[in-house]
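Structure first, then comments.
The values are calculated or read from the model by the stated rules, or taken from the named source; none is laboratory data. Please read these numbers as outputs of a predicted model, since none were measured by experiment. Ideal geometry is used to build each Cβ from the backbone, glycine not excepted, and the neighbour counts take in all protein chains shown. Heavy atoms of the whole protein, side chains included, go into the accessibility calculation; ligands, DNA and RNA do not. Shrake-Rupley method; radii C 1.70, N 1.55, O 1.52, S 1.80 Å.
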Amino acid sequence: MSKPSPTNAPTRVGLIGFGCVGQGLYDILQRHPEAGFTVARIAVKNPTKLRPLPAERFEFHADDLLNDPTLDLLVEVIDDADEAFRLVSQALRQGRRVVTANKAMVARHLPELIALQRAFGGVLLYEAAVCGSIPVIRTIDSYFAQEPLVQVSGIFNGSSNYVLTRMREDHSDYAEALAEAQAQGFAETDPTLDMAAFDPRSKAVILAAHACGLLLDPDDVLNLGIENVSAADIRYAAERGQKLKVVASLQPLPGGGATVYVTPQLVDADSPLYAVEREFNGVVVEAEFAGQHFWRGRGAGGHPTGSAVLADLVALRHGFRYAYAKLPLEAPQAAEAPDLELEVYLRSAPAELRRALGLTDVSEQLSAPGFTYDYAVGYVRLGQLHRYRDALRAGGTFVARTGRVRPVVAQPAPQLETALAAS
Ligand SMILES: NC(=O)c1ccc[n+]([C@@H]2O[C@H](COP(=O)([O-])OP(=O)(O)OC[C@H]3O[C@@H](n4cnc5c(N)ncnc54)[C@H](OP(=O)(O)O)[C@@H]3O)[C@@H](O)[C@H]2O)c1
């Protein structure tokens, strides 16, 4: 660990939030005093909660920490995205240096957060918000600041990866594997954010700013999850020597813009992501000159996430800030990405929905009266998947990309209403 010079007093940290991440960071800093940080003040929410430290260490008004000029750095690790945005934006307005782990907040408000840093001179770092301890943001932002990236992809959510791994290992169903993940602490009581791929979508949106120079509205990015996955889908993959993984994909386009989506994907054995199992995350960065890089690591948990927060604290002490080198200063939004056709495995899609999606070039299909397992493999426009995402989720349909992508063959996209009328 980097040591402060002997003449320097420890850097005073104001810690807002003392849950899984806050305690993980606190423990790391206690174990390594030579790192030169002291947690000077801790703000939490609930005054009656039992704590692992003496009661006098805690206070209940985070704004008091913002207003304390003796605190050198602030760490925001609370579980309330709206309040986190209020606190972080207020701190940036005061020109302060802040670390956050809140991916939902950063993904939703990145344009304002960047503008506040530029206007008031504060700094915000958020390595812990994407894939925990895997140092992907800073590497893409700094090391690959100038080199064009061909693709960034990865498994950005450990909870859904754990469920998929257990389903394959145990030949169990989704509900069973999810219950086990929840019992092991790898999945939240409300699993929607993780299983429906909202969480990895936030991470993809954050990476898009650094990797593609694109500030995306999370709602504009397709996210399909695994709530409808079945043992039959896992078997389908296994019979072909593949595994099902929820894969985020960011592909910068040569003329500006990028295509970004997060969906289940049938992953081949020669992909580095194939071996990323259980709660682990994996990131593949493919750069024009450096070629392919791959990281596998822990995407969550007190210590791994605390490790990323510590790395940001050290970086702040050294005067680091993100370069956002690929982000245009004046015109923040790059050109809109053209639509693409993705080859997908589509299981249990009602006939009208399948027509509405406009599945073409079907290369494989199985459907027989009386069978509950029916599927087809064919091409679908990315825009149509996005448009009917909620219908797919509600209808019990499972969709996985095969990984094959092609430009759209020009023809108007079908409408659900038209398809329904035709059925
Ligand atoms: N857990 C992970 O592995 C992980 C990984 C990557 C990123 N993150 C992100 O890190 C953040 C924290 O996650 P976590 O798992 O540590 O959450 P957590 O265990 O639920 O803890 C949340 C903490 O925030 C405090 N808090 C909530 N509202 C507050 C407020 N208005 N003022 C002050 N404190 C407040 C809570 O106070 P009380 O103690 O009084 O309830 C609690 O100490 C989230 O944004 C999460 O998405 C977590």
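For the reader, a short list of remarks on this structure follows.
- For the criterion of being β-branched (Val, Ile, Thr), within 24 Å of Ala197 (Cα to Cα) and part of a helix (DSSP H, G or I), Thr305 passes.
- Annotation: Ile226 fulfils all but one of (1) assigned to a loop (DSSP other than H, G, I, E, B); (2) touching a residue at least 60 places away in the same chain (Cβ under 8 Å); (3) open to solvent by 10 Å² or more (accessible area, probe 1.4 Å); the unmet one is (3).
- Scanning segment 270-305 for residues that are over 12 Å from Phe156 (Cβ atoms), β-branched (Val, Ile, Thr) and away from the ligand (no atom under 16 Å from the Cβ) yields one hit, Val285.
- Looking only at segment 34-63, and only at residues there that are within 31 Å of the chain's Cα centre (by Cα) and open to solvent by 70 Å² or more (accessible area, probe 1.4 Å), the one that is farthest from Ala311 (Cα to Cα): Lys49
- Members of segment 46-70 that are within 20 Å of Val98 (Cβ to Cβ), touching a strand residue (DSSP E or B) at 6+ places or on another chain (Cβ under 9 Å), part of a loop (DSSP other than H, G, I, E, B) and more than 10 Å from the ligand (Cβ to nearest atom): Asp68, Thr70
- Residue check for Leu73: within 13 Å of the ligand (Cβ to nearest atom), in contact (Cβ under 8 Å) with a residue 60 or more places away in the chain and in contact with a strand residue (DSSP E or B) (Cβ under 6 Å, 6 or more places away or on another chain): no
- Long-range neighbours under 6 Å by Cβ, at least six apart or interchain, first residue open to solvent by 20 Å² or more (accessible area, probe 1.4 Å) within segment 11-28, second within 6 Å of the ligand (Cβ to nearest atom) and among the hydroxyl-bearing types (Ser, Thr, Tyr): Val21/Thr305
- In the set (1) under 18 Å from Thr397 (Cβ atoms); (2) exposed (fewer than 12 other Cβ atoms within 10 Å of the Cβ); (3) at pLDDT below 95; (4) charged (D, E, K, R), the condition left unmet by Glu336 is number (1).
- Matching option when the condition is part of a helix (DSSP H, G or I), assigned by TED's automatic domain parsing to the domain that holds Val260 and modelled with pLDDT under 95, among Ala175, Ala204, Ala187, Ala181: Ala181
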